[in-house]
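Reviewing the structure listed below.
The values are calculated or read from the model by the stated rules, or taken from the named source; none is laboratory data. Being a predicted model, the structure only gives us computed values, none of them experimental. Every residue, glycine among them, receives a Cβ derived from its backbone with ideal geometry; neighbour counts consider all protein chains shown. When the accessible area is computed, the model is the full protein with side chains, heavy atoms only, and any ligands, DNA or RNA have been set aside. Shrake-Rupley method; radii C 1.70, N 1.55, O 1.52, S 1.80 Å.
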Amino acid sequence: MAFTFKQFHIDDLNCGMPVSTDGVILGAWAPLSQAKHILDIGAGSGLLSLMAAQRSQGQITAVELEEKAAAACQYNMTQSPWADRCKLIHGDIQHVCQQIEYQGYFDHIICNPPYFEHGPKANEQHRAMARHTDTLGFTPLLEAISQCLSHEGHASLILPIQSLTRFKACLHQTQLYLVQEVRVKSVENKAANRVLLLLAKTKSLDETCQHTELTLRGEDGRYTEQMIELTEDFYLKL
């Protein structure tokens, strides 16, 4: 299906992971404005890449393994106002991050990773690849981020809250640090069901992780002021 934002259009036909609220809030929240070289891991339709292009003057490199999603990503990039700043690599991030030119190259990495660690898989292979961690578990993902991230760089991710404990256990085995955690509530007065994470390769000795919350909708179903402020540069009706 097609999705039109204020400055670009996404056609996510045949993508295992279509345009979602998760992707939009991650792309709007990540601190990208000063980034010069941005990596989108598991780019899917290219949503995060194009949000990054809108929010920065940086060069965007999107990596997508699944063939149909890569084709959609390339098309959406080509049709966007930032085609000259966006590049697609159709391949495996673990192979890409081993290339000398990409090691320590990116000052920001953004990723909406596969998130279902258990449970039934989607029947279509490309959707299953996008939604399950079999093809890119947390440990290899974090290894790739660590390899590709510059010394002063940051990485932004979004996960289901139930995956957070497992993710943190894998994170502790790396040399990356969690510097910000935002628990996301879909509706006011409900428990958080998503979490935004900001990782760093280095941090000062006295730096501690910041914990905040983001609520998307009030009990009346309307977007909160937090959500409006976050996404008004993208959603047509805001």
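Report, by residue number, each residue of the range 209-225 that is farther than 28 Å from Phe8 by Cβ, surrounded by fewer than 14 Cβ atoms within 10 Å (Cβ to Cβ) and not hydrophobic (A, V, I, L, M, F, W, C).
Correct list: Gln210, His211, Thr212, Glu213, Glu219, Asp220.
Checking Ile228 against (1) more than 21 Å from Phe5 (Cβ to Cβ); (2) open to solvent by less than 70 Å² (accessible area, probe 1.4 Å): exactly one of these is not met. Which one?
Here Ile228 clears every test but (1).
Can you find a residue that is over 24 Å from Ser163 (Cβ atoms), at pLDDT below 95 and of a type in the set (S, T, N, Q) anywhere in the range 14-23?
Checked against the condition, which is being over 24 Å from Ser163 (Cβ atoms), at pLDDT below 95 and of a type in the set (S, T, N, Q), the range 14-23 yields at least one hit.
Taking the range 4-34, which residues are in contact with a strand residue (DSSP E or B) (Cβ under 6 Å, 6 or more places away or on another chain) and either open to solvent by less than 10 Å² (accessible area, probe 1.4 Å) or free of Cβ contacts under 8 Å to residues at least 24 places away in the same chain (or both)?
Ile10, Leu26, Ala30, Leu32 - these are the residues of the range 4-34 that are in contact with a strand residue (DSSP E or B) (Cβ under 6 Å, 6 or more places away or on another chain) and either open to solvent by less than 10 Å² (accessible area, probe 1.4 Å) or free of Cβ contacts under 8 Å to residues at least 24 places away in the same chain (or both).
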